[in-house]
1. Of the conditions (1) among the charged types (D, E, K, R); (2) open to solvent by 40 Å² or more (accessible area, probe 1.4 Å); (3) within 20 Å of residue 174 (Cα to Cα), residue 25 clears all except one; give me its number.
2. Which is closer than 24 Å to residue 14 by Cβ, open to solvent by less than 20 Å² (accessible area, probe 1.4 Å) and out of contact with any His (no Cβ under 8 Å at 6 or more places or on another chain), of 118, 145, 150?
3. Answer yes if at least one residue in the stretch 89-98 is in contact (Cβ under 8 Å) with a residue 40 or more places away in the chain, closer than 24 Å to residue 15 by Cα and buried (at least 20 other Cβ atoms within 10 Å of the Cβ), and no otherwise.
4. Have a look at 46, 65 and point out the one that is over 15 Å from residue 7 (Cα atoms) and open to solvent by less than 70 Å² (accessible area, probe 1.4 Å).
5. I'd like to check which helices (runs of 4 or more DSSP H) are fully inside the stretch 9-126 and have at least 1 residues that are over 21 Å from residue 146 (Cβ atoms) and in contact with a Lys or Arg (Cβ under 9 Å, 6 or more places away or on another chain).
6. Which of the residues that make up the stretch 68-88 are among the aliphatic types (A, V, I, L, M) and either buried (at least 24 other Cβ atoms within 10 Å of the Cβ) or in contact (Cβ under 8 Å) with a residue 40 or more places away in the chain (or both)?
Amino acid sequence: KDPHVWAVMLGSFSTMNHLLTEHDRPLLAAFIRDRVAPAFQDLGWAPRAGERELVKELRGDIIRALGTLGRDEDIQAEAAEAYTALQQQTRDIDPNVIPALVSILAYTGDHTRYEEFLDRFRKAATPQEERRYLFSLATFRTPELLERTLAKTLTDEIRTQDAPFLVSALLHNVYIREKAWEFVKMNWERMDRLFPKSGLRRMCGGIV
């Protein structure tokens, strides 16, 4: 249950996902489910009394990995149900798993879900909620939706301090990374003028 060990493992799975073609990613997903599912079965969806804070955070990481890289359909369905319950306030949801829910719903989301998350970004009640929904727009898989997100990074809709990090996330997304790289090269001079230099350097970390 050491989150630091899992961080290395999950990071390695993400790197492998970047290196494979879409044809081979289902094989990786099956491998990830095999390795990660036992941890989820142990942790479950809800925290237990006396549980360490790091273990609570790990639960969210495990759920996110299964629902995205692992393409676990049961986890995806449960995440959708939990998210609906959260919005309707019909049951308590562990705050540590909410970011995972949003990531999974974006990963499996369609145009309707994109519009919903875009609206939640615009109407967010807290900075934390705003960033959560903003960066969810970079985790969809439909290229058309990701291109919309990419275009927004050079508009007034996205703050200049957030835009380079959003571009970096898009450069990491295997479903848009090539177009995102072309976008960066085409708009580099404009980005250099608009974005803070520290953010610009961090943006380049998304080039893999």
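The values are calculated or read from the model by the stated rules, or taken from the named source; none is laboratory data. Because the structure is predicted, anything quoted here is derived from the model rather than measured. We place every Cβ from the backbone using ideal geometry, glycine too, and count neighbours over all the protein chains shown. In case anyone asks, the SASA skips ligands and DNA or RNA and just uses the protein heavy atoms, side chains included. Shrake-Rupley method; radii C 1.70, N 1.55, O 1.52, S 1.80 Å.
1. Residue 25 satisfies all of (1) among the charged types (D, E, K, R); (2) open to solvent by 40 Å² or more (accessible area, probe 1.4 Å); (3) within 20 Å of residue 174 (Cα to Cα) except (2).
2. Matching residue, one of 118, 145, 150: 150.
3. yes
4. 46
5. Result: 25-43, 53-67, 73-88, 98-107.
6. Correct list: 69, 75, 79.
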